[in-house]
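Visitor: Just passing along the structure, written as C-alpha cells.
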Amino acid sequence: MSATLLNQEHHERFDRLQLAALVGLMIIGTLFVYSATMANPVMASLPWYDQAWLRQLVWYALGFGAGAALCVLDYHTLARWSFVAYWVTIFFLIIVLVPHIGSMKFGARRWIDLGPFQFQPSEFAKLAFILALAHFLSRPADELRLPGNFWKGIGLLMLPFALTLKEPDLGSALVMLPTGLVMMFVAGTPKSYLLKLIGAVGLLAALFLVDVLFVPPGWWQISMEPYQRDRLLVYFGRDYRAFASANATPAELQRRRQQQLDDEYNVRQALISVGSGGLTGKGWRQGTQNALGYLPRAVAHNDFIFSVIAEQEGFVGSMLVLALYALVLFTGLRIAGQARDRLGRLVAVGVVTLIFSHVFINIGMNIRIMPVTGVPLPLLSYGGSSVLGSLIAVGLMQNVHIHRKGY
Amino acid sequence: MLIFDELKKNDPQLRLVAMVLAAGLFILLAGLWWVQIVSAREYESHLETQSYRTVRIPAVRGKILDRNGRVLAENQPQYSLGLYLDDLRKQFDAAYGQSLARMRAVQEQRIAAQEKKLGRPLTKAERRQFALTPEEREQLHEQARFQVASDVVRQVSERLGQPLALNEATFDRHYDARRALPYPLLPNLNTAQIARFEEQYSGTLGVNLDLQAVRVYPDGTTAGHLLGYLQRDDSSKQGEDSYFNYYLPDYRGMVGIEGGFDAQLRGRAGAEAVLVNNLGYRQSKNILSPSEPGHNVVLTLDLDLQRAAEESLLAHRGADARAAIVVMDVRNGDVLAMVSSPALNPDYLSNDLTYLSDPKLRPQINRVTQENYAPGSIFKPIVGLAALEAGLDPNMTVDNPGYVYVGRRHITDLAPPGRYNLRRAIIFSSNTYFITVGLRAGIENVIRMSEKFHFGERTGLPTRQETAGIFPGLDQVQSAGWHDGDSANICFGQGEMAVTPLQMAVAYAAIANGGKVLWPRLVERIEPQDPAASEAPTVFPSGVVRSELDVHPRNLKILRDDMLAETEDPEGTGRAAQVPGLHICGKTGTAQVMNEHNQEIDRTTWFASFAPYENPRYAVVVMVESGTYGGPTCAPIAHDIYEEILKKANTDTPRTMAQTN
C-alpha cells in the first residue's frame, strides 16, 4: 500500500493555477477578437461560421485537445522523437520558401495555404526546436564544456533562425534567440562561452543597426526587405528622406515623407489607442480608435490586439493581462523547478522564455518600446497557428508537471 | 506569493531567469503606466484632434428696426436640401465593389486574349501590366461615388418634382475637402417643396433638410442706402476661435448700418464638434458652445415718413431721379427719414450689375451724406444771419436792377427788379441783395458764421459714408488768391463751397431750434434680441449739442418769419410746399453747375424747410439734381412729406408727438 503511495508519481495531475490563467486568457482573447472584428462592418457581416471570434474558439478547442493529447505521453517519449520533429519542421521551413508552395502575403512567404486555413511552419518550428535543444542539452553538464557541443547547440539554434529570417519573419526568428540562450544557460553551459556569444551578437546587432540607420544608400548595405528597414527607421525615429538616393527629386522626397507618415501610422494609432484608454478604459466595444477605424482593421485583431484591450479596458485591463501572463510564466518556472530531470527543466524553461519573448515584444510594440516586428500575442492574437502553438507549448509544460518528482 | 517564491528559490539559474522575467514584466508595467496613466491626457487629445472636426456655426444676426419697432431688416429661416455622405458610405463601397468586379472581368478577358495571341500563359510580370494602378482605382472610386450620388439625386428630384443636377467636379471637390458636412443639393426650398419632401422622403437615408438663416429686408428698397448690405464672409471674427475645420456660410455687413454696426449685429458664432472616422465620414456631432445671437439696432428712422418721402419722390420725379431727402427732428437731431435716389436694394445681389455701375445714376452713392453739392440760395439765410449779427438792419433796402456787378463780373438776379429788404429778398431769393449785404458785412463774418454751423466738416455718422463738404477757411479768404468774385459766389451759395443735404438739415435745424447745432443721430439704441435678457440696451444720447450759434434770438426770429413768408406769400418761391393747417418755413435753392468755360451744364435744386413755425419740430431738406428750380421741383415733394407729418400728428396718439428720445 505504501509502495503504491510511493510509486505514485504525482499528487495532482495538472497545474491548476496555470490552467486557470490560461482559461482567463482564452476568455479575454475571445471577447476582444469579437470586439475588434465586430467594429469592422465587412467582417461583421460575414456568415457565422466565418466569424473570427468563433474560429478563434475552434482553435482554442483544437489546441486544448492537442495539448491534452501531448500530456498523455510522457515527455521523454516525445523527446525521443524530438529530432524527427525538428527535421520535419526544418523541411517545412525550407519548402515554404519555394514560390508556388509558400503563399506570399504582405511581402513575406510564411504560410502554406491549405484551403480553409493557413499553416505557419515557423510556429511549430519554435516548439520542435525547444524539444530538440532540450534533448540535446540534457546530456551531463560536463559535456557541455566541450566547445564542439557548444557549437552544435548554436547550429541547432541557427538553422531554424536563418530559415525563418529568410521568409522573412524577423519577429519569429528573433524570439528563438533568447529561448536558445536561456536554455543553454540553465543547462549549465559555461558562462564564458555565453558571455562571448552575447558579446558577439551584441556587436553584430550594433553594426547592423548602424548600417540600417545611418548608412546612406549606395554604400554597403545589409540587404533587407524595404519594409523591415522602414520599421526600424520608424522605431528609431529616423527620417526616410535621409535614405533617398543622392539625386532624388523633391517629388520623390515628398513621397518618401508621405510613406514615412503612413508607416508611422500603425504605431501612432496603437499608442493613441493604448494611451487614450486611461485608467479604466472606454468599455467593451466602446473603443473609438478601433470602431472609427483609426487602428487599421487588418492588424487590430492580431498584432495589435493589445491596443484594443488597452483602449477598451484601460490600465486596469492591461494589468489584468500582464498578471495572467505572469501567472503562466511563473507557474512555468515553478514547474521547471520541480521537474524530474534536466530534460523536463529545460523544456519548461524553453517554453517559458518563448512565451515571455512573445509577450514582451508584442506588448512592447504596442507601446513603442520595441520596433514593429509582427509577433503575435500568445492566445490573444487571432490566428490558428499561433493559438495551436501556444497551447501545445503549454501542454508541454503541463506534461513536465504531470510527470514531475513525486515528493 | 508565487512570484516571490520563485525569486527566493535556492536554484541560482532559475532564480536568475525569474529575475529577468520579473524585470521584463516590470518594464512593460512601467511603460504601460507611462502611456496609460501619465500621458493619457495627451493621447486623449491626439484622439480628439484626429477624430474631431470643429464647425463654425454663425449666430442669428440682429434685426434693424425703426424707432417704433417696425422691422427694416431681419432673418428668415431658409431650408436647403443636403446630401449626407456618411449615410451613403455602404452604397459607395458596394458600387465600387461592383465596378471593381467588372474591371476584373474585363482584365481577365484581356489576359485571355493576350494568352491566346501568344499561345502560352502569361508570366506574373506580364499579368501585372493588366493590373489597375492606384490612380485608376481612385478614379473607379470617384465614379462609383458619383454614380450612387446621382442616383439618389435623381430619385429625390423625381419625388420633389424639381430638376436637380449633380455637378461631378463640385461633388468630388466637396468629397475631398468637406466630407463630414452635407453636400448642398438645392438651396431655399419653398413651402410646397418642403411639404413634399417631408411627406415622401423624410427618414430615408442620404438626404435631409438643413436650416439656415437668410437676411431679408421686408420693405424692399426702403432706406436701402442707410441699411447697407451684406457680403458673404465665412471667416472667424474677433472674439471667436480663430481656427475651425469647417465654416458654414456667414455674412459681413459692408456699408450702412449693416456695416457700421456689424460687430453688434452679428453676435458670436458657436462651435459644433463633428466626430469623424478615419475615412473622414461623420459619425456623430455635438454642440461645443452655442452661438450668441446678435443685438438689434433700433434706428431713429420713422418708417412712415421714410416711405412717404420715397413715394413722393418717385411720383414726382420717377425712379431714376438723382435726389436726396432728409427729415430731421430739430429738437434733438434724430434723423427721421433719409432717402437717396436712385434706390439701392439692400439685398445686394438683387441689384442689376449694369444698373449699379451706371456712371450717371450711381445708385451706390448715398446722396444724403456722400456727395457734395452747391447749396445755392438755401445758403442765403446763413449769409443773412451773418449780416444781421454784423449789424444789418433788416428793413434796409437794396436796389436790384435784375443783376449785380462784382468787379467786372455780371451776376444775374432771377428776382424781379425792385427794392428789396431782407424779407423780400428771401421771398424772391434775390442774389443782388445778398451779395451786396454779404460783401458789406465782410466775407470773414460769413465764414465765421458758417464755421459755427460746421460746414466743411463731417457730421460723425457711425456708418461712415460721409463726405465733409467743401468750405473755405478764414486763411483761404484772407489769402492773395481770393477775390471779391469768390466772396460773391459764397453769398449766394455757389463757388468754392459744397455741402451735403444732411449738413443743410443740421443747419436749418439750428435756425429752427434757437441756435443749437446738433450732432445728428441715426441709431437710437442697441438692444439684445431676447426681450427677457438681463443685458441692458445701449442707448445713444440724443440731442447732443455740437456747438451753439450764439446769436441774438431776435435775429433767428427774423429769419424764421421771413422764411415763413417765403412759403406762405403767394409770390414766394416756396409756395408749392404749403400745407393747410401747418405753418412751414422754407427756402428754395437753385444752384448752377458750371463747366470750365463758365457755362451752365446742370442745376442742383433744393428746398430746405422746417415746421411748425410756432414751435419748430421737423426739418425737411429736399435736393434734386438736374431739376428746373427749387420751387417747382423740390417744394412739392416737401409738401407731401409735411402732409404725412400732419396726418401722423392728427391720427397718432399724443405719445408719438411727445416722443422725446
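The values are calculated or read from the model by the stated rules, or taken from the named source; none is laboratory data. If you're wondering where the values come from, they're calculated on a predicted model, not measured in any experiment. Cβ: placed from backbone, ideal geometry, glycine included. Neighbour counts: every protein chain shown. Remember, those area values only see protein heavy atoms, side chains included, never the ligands or the DNA or RNA. Shrake-Rupley method; radii C 1.70, N 1.55, O 1.52, S 1.80 Å.
Visitor: Give the residues of the range B:250-265 that are part of a helix (DSSP H, G or I), surrounded by fewer than 23 Cβ atoms within 10 Å (Cβ to Cβ) and over 9 Å from the mean Cα position of the chain (by Cα), sorted by residue number.
Guide: Filtering the range B:250-265 for residues part of a helix (DSSP H, G or I) gives B:256-260, B:262-265.
Remaining after also requiring surrounded by fewer than 23 Cβ atoms within 10 Å (Cβ to Cβ): B:259-260, B:262-264.
Hits for the range B:250-265 are B:Ala263, B:Gln264.
Visitor: Return the pairs, sorted by first residue and then second, in which the second residue is surrounded by fewer than 12 Cβ atoms within 10 Å (Cβ to Cβ) and among the hydrophobic types (A, V, I, L, M, F, W, C), the first residue lies in the range B:153-176 and is without any contact (Cβ under 8 Å) to a residue 24 or more places away in the chain, the beta carbons are less than 9 Å apart, and the residues are 6+ apart or on different chains.
Guide: Going by the 9 Å Cβ cut-off, the qualifying pairs are B:Ser157/B:Ala165.
Visitor: Give me the pairs: first residue in the range B:604-623 and under 16 Å from B:Lys516 (Cα atoms), second residue in a loop (DSSP other than H, G, I, E, B) and open to solvent by less than 10 Å² (accessible area, probe 1.4 Å), beta-carbon distance under 8 Å, and six or more apart or on different chains, which are they?
Guide: Note: pairs meeting the criteria are B:Phe610/B:Val330; B:Phe610/B:Ile584; B:Pro616/B:Val330; B:Arg617/B:Val330; B:Tyr618/B:Val330; B:Ala619/B:Val330.
Visitor: Starting from the range B:636-647, keep only residues that are of a type in the set (D, E, K, R), then list their pairs with residues that are open to solvent by 40 Å² or more (accessible area, probe 1.4 Å) whose Cβ atoms are within a distance under 7 Å, requiring at least 6 positions of separation or different chains.
Guide: Qualifying pairs under 7 Å: B:Glu644/B:Asp304.
Visitor: Inside the range A:388-405, can you point out the residues that are under 23 Å from A:Gly29 (Cβ atoms) and open to solvent by 10 Å² or more (accessible area, probe 1.4 Å)?
Guide: Residues satisfying the conditions are A:Leu388, A:Ser390, A:Ile392.
Visitor: Another question, then. Run A:Leu377 past the list (1) part of a loop (DSSP other than H, G, I, E, B); (2) among the hydrophobic types (A, V, I, L, M, F, W, C); (3) over 10 Å from the mean Cα position of the chain (by Cα); (4) within 14 Å of chain B (Cβ to nearest Cβ) and report the number of the one that doesn't hold.
Guide: Condition (3) is where A:Leu377 drops out.
Visitor: Criterion first (closer than 27 Å to B:Leu279 by Cα, touching a residue at least 60 places away in the same chain (Cβ under 8 Å) and surrounded by fewer than 20 Cβ atoms within 10 Å (Cβ to Cβ)) does B:Asn188 satisfy it? Full working, then the answer.
Guide: On the way: closer than 27 Å to B:Leu279 by Cα: no; touching a residue at least 60 places away in the same chain (Cβ under 8 Å): yes; surrounded by fewer than 20 Cβ atoms within 10 Å (Cβ to Cβ): yes.
No: the conditions fail for B:Asn188.
Visitor: For the range B:320-353, which positions are at pLDDT 90 or above and open to solvent by 20 Å² or more (accessible area, probe 1.4 Å)?
Guide: Within the range B:320-353, B:Arg322, B:Arg331, B:Ala343, B:Asn345 meet the criteria.
Visitor: Looking for something at pLDDT below 90 and crowded, with 24+ Cβ neighbours inside 10 Å - is there at least one such residue anywhere in the range A:335-342?
Guide: If we filter the range A:335-342 for residues that are at pLDDT below 90, which is where we start, we get A:335-342.
Now narrow it down to the ones that are crowded, with 24+ Cβ neighbours inside 10 Å: A:335-336.
For the range A:335-342, residues at pLDDT below 90 and crowded, with 24+ Cβ neighbours inside 10 Å: present.
For (1) touching a helix residue (DSSP H, G or I) at 6+ places or on another chain (Cβ under 8 Å); (2) farther than 17 Å from B:Tyr508 by Cβ; (3) crowded, with 24+ Cβ neighbours inside 10 Å, each residue gets a yes or a no:
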{"position": "B:Ala576", "(1), (2), (3)": "yes, yes, no"}
{"position": "B:Thr588", "(1), (2), (3)": "yes, no, yes"}
{"position": "B:Asp602", "(1), (2), (3)": "no, yes, no"}
{"position": "B:Ala611", "(1), (2), (3)": "yes, no, yes"}
{"position": "B:Pro632", "(1), (2), (3)": "yes, yes, no"}
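Visitor: Moving to a separate point now. List, please: which pairs have Cβ atoms under 7 Å, are six or more places apart or on different chains, and start with a residue in the range A:196-214 that is without any contact (Cβ under 8 Å) to a residue 12 or more places away in the chain and end with one that is surrounded by 12 or more Cβ atoms within 10 Å (Cβ to Cβ)?
Guide: If the second residue must be surrounded by 12 or more Cβ atoms within 10 Å (Cβ to Cβ), the pairs left are A:Asp211/A:Gln221.
Visitor: Taking the stated definitions as given, is B:Leu344 part of a loop (DSSP other than H, G, I, E, B) and closer than 19 Å to B:Leu72 by Cα? Break it down stepwise before answering.
Guide: Working: part of a loop (DSSP other than H, G, I, E, B): yes; closer than 19 Å to B:Leu72 by Cα: yes.
Against the criterion (part of a loop (DSSP other than H, G, I, E, B) and closer than 19 Å to B:Leu72 by Cα), B:Leu344 qualifies.
Visitor: Which members of the range B:406-420 meet the condition of being closer than 16 Å to B:Ser377 by Cα, surrounded by fewer than 20 Cβ atoms within 10 Å (Cβ to Cβ) and of a type outside the set (A, V, I, L, M, F, W, C)?
Guide: B:Thr412, B:Pro416 - these are the residues of the range B:406-420 that are closer than 16 Å to B:Ser377 by Cα, surrounded by fewer than 20 Cβ atoms within 10 Å (Cβ to Cβ) and of a type outside the set (A, V, I, L, M, F, W, C).
Visitor: A further question follows. Looking only at residues in the range B:180-215 that are part of a helix (DSSP H, G or I) and farther than 29 Å from B:Leu230 by Cα, which one is modelled with the highest pLDDT?
Guide: Of the residues in the range B:180-215, the ones part of a helix (DSSP H, G or I) are B:191-200.
From the residues that got through so far, the ones that are farther than 29 Å from B:Leu230 by Cα too are B:195-200.
Values: B:Ala195: 84, B:Arg196: 81, B:Phe197: 80, B:Glu198: 79, B:Glu199: 78, B:Gln200: 74.
Top of the filtered list is B:Ala195.
Visitor: Is it fair to say A:Val186 is within 23 Å of the chain's Cα centre (by Cα), under 18 Å from A:Val359 (Cα atoms) and either assigned to a helix (DSSP H, G or I) or polar (S, T, N, Q) (or both)? Working first, answer last.
Guide: Numbers: within 23 Å of the chain's Cα centre (by Cα): yes; under 18 Å from A:Val359 (Cα atoms): no; either assigned to a helix (DSSP H, G or I) or polar (S, T, N, Q) (or both): yes.
In short, no.
Visitor: Then there is this: Out of the residues in the range B:231-249 that are part of a strand (DSSP E or B) and in contact (Cβ under 8 Å) with a residue 24 or more places away in the chain, state the one that is nearest to the other protein chains (Cβ to nearest Cβ). Before the answer, list the steps.
Guide: First, pick out the residues of the range B:231-249 that are part of a strand (DSSP E or B): B:231-232, B:246-247.
Keeping just the survivors that are in contact (Cβ under 8 Å) with a residue 24 or more places away in the chain gives B:231, B:246-247.
On the way: B:Gln231: 38, B:Tyr246: 18, B:Tyr247: 24 Å.
The extreme case among them is B:Tyr246.
Visitor: For the range A:299-327, what are the residues that are modelled with pLDDT of 90 or more and away from chain B (no Cβ under 11 Å)?
Guide: Selection gives A:Leu320, A:Leu324.
Visitor: Take the residues of the range B:266-281 that are part of a loop (DSSP other than H, G, I, E, B) and within 32 Å of the chain's Cα centre (by Cα): which is farthest from B:Asp87 (Cα to Cα)?
Guide: Among residues in the range B:266-281 that are part of a loop (DSSP other than H, G, I, E, B) and within 32 Å of the chain's Cα centre (by Cα), the one farthest from B:Asp87 (Cα to Cα) is B:Gly267.
Visitor: Does A:Ala348 meet the test of being surrounded by 24 or more Cβ atoms within 10 Å (Cβ to Cβ), modelled with pLDDT of 85 or more and either closer than 28 Å to A:Val186 by Cα or at the interface with another protein chain (Cβ under 10 Å from one of its Cβ atoms) (or both)? Step through it out loud before you land on a result.
Guide: Values: surrounded by 24 or more Cβ atoms within 10 Å (Cβ to Cβ): yes; modelled with pLDDT of 85 or more: yes; either closer than 28 Å to A:Val186 by Cα or at the interface with another protein chain (Cβ under 10 Å from one of its Cβ atoms) (or both): yes.
So A:Ala348 passes the test.
Visitor: For the list (1) of a type in the set (Asp, Glu); (2) more than 9 Å from chain A (Cβ to nearest Cβ); (3) out of contact with any Leu (no Cβ under 6 Å at 6 or more places or on another chain); (4) in a helix (DSSP H, G or I), I need the number of the one condition that B:Glu42 fails.
Guide: (2)
Visitor: Residues being surrounded by fewer than 10 Cβ atoms within 10 Å (Cβ to Cβ) and under 15 Å from A:Leu177 (Cα atoms): count how many of those fall in the range A:192-212.
Guide: First, pick out the residues of the range A:192-212 that are surrounded by fewer than 10 Cβ atoms within 10 Å (Cβ to Cβ): A:192.
Now drop any that are not under 15 Å from A:Leu177 (Cα atoms), which leaves none.
So the answer is 0.
Visitor: Ok, one more. Which residue out of B:Asp550, B:Asp562, B:Asp530 is under 27 Å from the mean Cα position of the chain (by Cα) and of a type in the set (Asp, Glu)?
Guide: On the way: B:Asp550 fails: under 27 Å from the mean Cα position of the chain (by Cα); B:Asp562 fails: under 27 Å from the mean Cα position of the chain (by Cα).
Criteria check complete, one pass: B:Asp530.
Visitor: Just to verify a result, which residue in the range B:306-318, among those that are farther than 15 Å from B:Ile645 by Cβ and touching a helix residue (DSSP H, G or I) at 6+ places or on another chain (Cβ under 9 Å), is surrounded by the most Cβ atoms within 10 Å (Cβ to Cβ)?
Guide: Result: B:Leu313.
Visitor: Taking B:Val17 as meeting all but one of (1) open to solvent by less than 40 Å² (accessible area, probe 1.4 Å); (2) modelled with pLDDT of 90 or more; (3) touching a Leu at 6+ places or on another chain (Cβ under 7 Å), write down the number of the exception.
Guide: Against the list (1) open to solvent by less than 40 Å² (accessible area, probe 1.4 Å); (2) modelled with pLDDT of 90 or more; (3) touching a Leu at 6+ places or on another chain (Cβ under 7 Å), B:Val17 comes up short only on (2).
Visitor: Of the numbered conditions (1) within 13 Å of another protein chain (Cβ to nearest Cβ); (2) assigned to a helix (DSSP H, G or I); (3) crowded, with 24+ Cβ neighbours inside 10 Å, A:Phe360 fails exactly one; give the number of that condition.
Guide: (3)
Visitor: Somewhere in the range B:285-295, is a residue away from chain A (no Cβ under 14 Å) and more than 20 Å from B:Thr54 (Cα to Cα)?
Guide: Within the range B:285-295, one or more residues are away from chain A (no Cβ under 14 Å) and more than 20 Å from B:Thr54 (Cα to Cα).
Visitor: Tell me the strands (runs of 3 or more DSSP E) entirely within the range B:543-617 that contain at least 3 residues that are modelled with pLDDT under 90, closer than 17 Å to B:Leu414 by Cα and out of contact with any Asp or Glu (no Cβ under 9 Å at 6 or more places or on another chain). Walk me through it before giving the result.
Guide: Values: elements: B:545-548, B:585-594, B:600-611.
Where strands (runs of 3 or more DSSP E) fall fully within the range B:543-617, none carries at least 3 residues being modelled with pLDDT under 90, closer than 17 Å to B:Leu414 by Cα and out of contact with any Asp or Glu (no Cβ under 9 Å at 6 or more places or on another chain).
Visitor: Test B:Tyr433 against the stated conditions and say whether it is of a type in the set (Phe, Trp, Tyr), part of a helix (DSSP H, G or I) and over 30 Å from B:Gln370 (Cα atoms). Even if it seems obvious, please write down each step before you answer.
Guide: Working: of a type in the set (Phe, Trp, Tyr): yes; part of a helix (DSSP H, G or I): yes; over 30 Å from B:Gln370 (Cα atoms): yes.
The answer is yes for B:Tyr433.
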